[in-house]
Amino acid sequence: MRTKVYLGGSVVLIFIIAGALGPLVAPFDPNQQSLETMLHAPQWFWGPHFLGTDNLGRDILSRIVFGARVSLLIAFAVVFISGFVGVILGATSGYFGGNVDFTIQKFVEVVWAFPPLLLALTIMAFLGQGLFNLILALVAQRWIQYCRVTRGQSLSLKAREFVISAKSLGASDAQIIARHIIPNLIQVSLVIGTFAMASSIISEASLSFLGLGVPPEIPTWGTMLADGRIYISTAWWLALFPGLSIFVTVLGINLLGDALRDVLDPRLKRAGTGI
Amino acid sequence: MGTYLLRRLVGTIPVMVLISLLVFLLIQAAPGDPTLMLLGEDTTQEDIDQARERWGLDQPVYVQYLKFFMSAAKGDFGRSFKYDEPVMDVIVNRIPATLELATASVIIAIIFAIPLGVWAAAKPNSWVDNTGTTFGLFGISMPSFWFGIMLILLFAGILNILPSAGRDTYGIAGERITGFYVVDSAIQGNWAGVRDGLEHLFLPALALGSNMLGILMRVTRSSVLEVMHEEYVTTARAKGLVERKVLWRHVVSNALIPVITVVGLELGTLLSGSIIVETVFSWPGSGSLLVIALNARDHPLVTGLVLVYTVAFVAINFLIDVLYAVIDPRIRY
């Protein structure tokens, strides 16, 4: 348990620092091309290019650091927007019940009927590449998890004494949802958010890998992997390091999420969702 | 039981209608005029008007949607721009490859995950448990396409013992019967073909199955741990059964119910994972076809594939519900 927090926490911390400080930590300009330094193997501490260079002579470490920035930005945006939409819809759905609940749940059912990633792929394919579309594509299904869990919780919350007394004191429905229901949904949303963060990093990388993510001039882990894949037999470092970054980051976030769930919401584990 | 299934089946109809509407709206939202895209830029206004009339693009949106829905319901998605064949034929041709890959992935995931999960749960907090859980977490956190590339690097690049792309070596596979190369070769007694098929299958199946393996392992472990504390297990121990028998006969058989459900639920993830893993391994299935169609801006093919995938996903979820009802007769909702 403690190891989980330390391990996960430090990985996430490094990731955030690298992303936030980006230009200060990166030894080179991530897009600076040079014919002279094409496809240099990792030089570790014996040369300027710690993790080597790619087919256009760009420094891989610098590109990974900038990639962290992009991933971080996108993942945070996706998690917050999904959480916002999901919690509000979930709380409303559970609190009002009846037709409101039916409509929202039907909508959830339809969006959920798409295989994961496929809806995002379709959105990117038809709306075109770009940061905004990418965030939209990743949010498209990610709010549902929040919505489902918080709906169930607000169903039980609305029968609790503090909600009933707020109502008898004349609070409006909007006030009750904002002041009494939603604050009680924050903990569970935090746990969902951590896992959503991990999954959106992987989805973003997948879309970028397929050439459907952010525009190609922005370095991301997914595009680096796609570029490096072609050189796998001659220059292994091109594909190894960006993928390793995704893997380690996602692993760290999952570890932290596991720990967070155990602390904040042990019920989730007992309910059998403990995977 | 019958009424439950019927109700559930009828329930999928509005979902399918809304899905087709959503896909239709996405196509509508795509930038660029389809007539201009097909006719080229220097066509006269008259030609454009004529084409719009011929393709029904001059009609109101809801009429266009109705037409789209009627033909989609019949499995008619028009002709693929790239292959110049009916979209449905192109897709059907590619489906067996995807099914073969998905089946192999599920088999690999189950074969490794269940024993590992049971073993880890039988000795909680031991080194077995810790290693197993760590591997499970690795499987979940590893992007399958990167894992695939690393497998290619190791087995095809460095060790050079397995092929890195495609389904078969040219000339080895025999006649196509079911579309499953391994099965076809076995039917025809072509053992070199079976071996060749399996060799091509192993790496992509492992890459695609790694995620499911991790999840199944963790689910098996927590499910076994939970059942371990049931009273009938204590009873079994109390009557003097050896631990091995208690574990396999009383614990595991009961612990597997949630595992089966998770296999079903994860099939959807597997389906979308196949899109990217097939691309990595140049596997000629429907997943890599989708990527080809996307890159070629072959909109009829993309639409057809998206709808076929979604229908498959809805069908899988329906079958899981049926399975639920069969396994656990208490479920009626």
Output wanted: per-residue J couplings in Hz (rounded whole) for the stretch A:242-252, from phi through Karplus 6.51 cos²θ - 1.76 cosθ + 1.60, θ = phi - 60°, x for Gly and Pro. x, x, 4, 4, 4, 4, 5, 4, 5, 4, x
Within 10 Å of each Cβ in B:145-156, the average number of Cβ atoms from other chains: 5
What list of ³J(HN,Hα) values in whole Hz, one per residue of the stretch B:59-71 in order, does the Karplus curve 6.51 cos²θ - 1.76 cosθ + 1.60 (θ = phi - 60°) give from phi, with Gly and Pro shown as x? 8, x, 4, 5, 5, 4, 5, 4, 4, 4, 5, 4, 6
Just how large is the dipole of chain B about the Cα centre, in debye to the nearest 20, putting +1 at every Lys and Arg Cβ and -1 at every Asp and Glu Cβ? 1700
Using a 1.4 Å probe, how large is the accessible area of A:Ile230, given in Å² and rounded to the nearest 10? 130
For B:Phe81 and A:Arg2, extending 7 Å from Cα along the Cα-Cβ vector and measuring point to point gives, in nm, a value of 6.1
Protein chains only, probe 1.4 Å: how do B:Glu85, A:Glu161 rank by accessible area, largest first? A:Glu161, B:Glu85
Buried accessible area for the A:B pair, summed, 1.4 Å probe, in Å² rounded to 100? 3900
Under a Cβ-Cβ cut-off of 13 Å, what is the net charge of the residues other than B:Val106 that fall near it, where Lys and Arg count +1 and Asp and Glu count -1? -2
In the stretch B:162-248, which chymotrypsin sites (Phe, Trp or Tyr not before Pro) are in a loop and have at most 12 other Cβ atoms within 10 Å, using DSSP for the loop call? B:Tyr170
How large is the charge dipole for chain A, taken about the Cα centre, if only the Cβ atoms of Lys, Arg (+1) and Asp, Glu (-1) carry charge, to the nearest 20 debye? 1000
What residue among B:Leu294, B:Thr279, A:Gly98 has its Cα farthest toward the positive end of the dipole of the protein assembly as shown, where the charges are +1 on Lys, Arg and -1 on Asp, Glu, each on the Cβ? A:Gly98
What is the pair-distance distribution P(r) of the stretch A:135-275, computed from all Cα-Cα distances in 10 Å bins starting at 0, with each bin given as a whole percent? 11, 29, 26, 19, 10, 5, 1, 0
If you take the square roots of the eigenvalues of the alpha-carbon gyration tensor of the protein assembly as shown and sort them as a ≥ b ≥ c, do you get rounded (a/c under 1.5), prolate (a/b over b/c) or oblate? rounded
When a/c reaches 1.5 or more, the comparison of a/b and b/c decides; with that in mind, is chain A rounded, prolate or oblate per its Cα gyration tensor? prolate
Extended-chain gain in nm, criterion 0.36 nm per residue less alpha-carbon gap, B:Ile111 and B:Lys74: 9.4 nm
At a 1.4 Å probe radius, carbon and sulfur cover how many percent of the accessible area of the stretch A:139-275? 62
Mean separation of Cα contacts under 8 Å (6+ apart) over length of chain B, as relative contact order %: 24
With a 1.4 Å probe and all protein chains in place, put B:Val326, B:Val302 in order of accessible area, largest first. B:Val326, B:Val302
Over the stretch B:160-295, equivalent-ellipsoid semi-axes from the Cα gyration tensor in Å: 40, 20, 12
Take every Cα pair under 8 Å in the stretch B:186-333 that's 6+ residues apart, average their separations, divide by the length, and report that relative contact order as a whole percent. 20
Taking r as the C-beta separation of A:Ala20 and A:Leu136 and R0 as 25 Å, the FRET efficiency to the nearest 0.05 is 0.55
So how exposed is B:Ile140, as accessible area in Å² (1.4 Å probe, rounded to 10)? 40
Between the stretch A:1-77 and the stretch B:274-305, the alpha-carbon center distance in angstrom: 31
Between the stretch B:229-264 and the stretch B:34-94, the Cα center-to-center distance that results, in Å: 57
Segment B:Ala192-B:Arg54, extension gain: residue separation times 0.36 nm, minus the distance between their alpha carbons: 44.4 nm
Which residues' amide hydrogens lie under 5 Å from the amide hydrogen of B:Arg79, considering only partners 5 or more residues apart or on another chain, with H built in the peptide plane? B:Val87
Computed ³J(HN,Hα) along the stretch B:81-93: with the Karplus parameters 6.51/-1.76/1.60, θ = phi - 60°, integer Hz and x for glycine or proline, the list is 5, 6, 8, 6, 9, x, 3, 4, 5, 4, 5, 4, 4
Normalise the Cα radius of gyration of chain B by 2.2 N^0.38 Å (N = residues in it) and let me know the number. 1.22
Angle check, please: helix B:127-141 long axis (alpha carbons) against the longest principal axis of chain B (alpha carbons), in degrees 0 to 90, nearest 10. 10
So for chain A, taking the charge dipole from beta-carbon charges (+1 Lys/Arg, -1 Asp/Glu), which of A:Leu212, A:Ser172, A:Thr53 sits furthest toward the positive end? A:Ser172
Nearest-20 debye value, the stretch A:154-275 charge dipole, Cβ charges on Lys, Arg, Asp, Glu: 540
Keeping all protein chains in place and using 1.4 angstrom, which order do B:Ile110, A:Ile181 fall into by accessible surface area, from largest down? B:Ile110, A:Ile181
Cα gyration tensor of the stretch A:202-256, axes a ≥ b ≥ c as square roots of the eigenvalues: rounded (a/c below 1.5), prolate (a/b > b/c) or oblate? oblate
Relative contact order, percent, chain A [alpha-carbon distance under 8 Å, six or more residues apart]: 24
By a straight-distance test (C-alpha under 28 Å), which lysines pair with B:Lys67 as possible cross-link partners, with residues fewer than eight away in the same chain excluded? A:Lys106, B:Lys82
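The values are calculated or read from the model by the stated rules, or taken from the named source; none is laboratory data. Not measured: the values here are computed from a predicted model. Because the Cβ atoms are built from the backbone with ideal geometry, glycine has one as well, and the counts that use them run over all protein chains shown. In case anyone asks, the SASA skips ligands and DNA or RNA and just uses the protein heavy atoms, side chains included. Shrake-Rupley method; radii C 1.70, N 1.55, O 1.52, S 1.80 Å.
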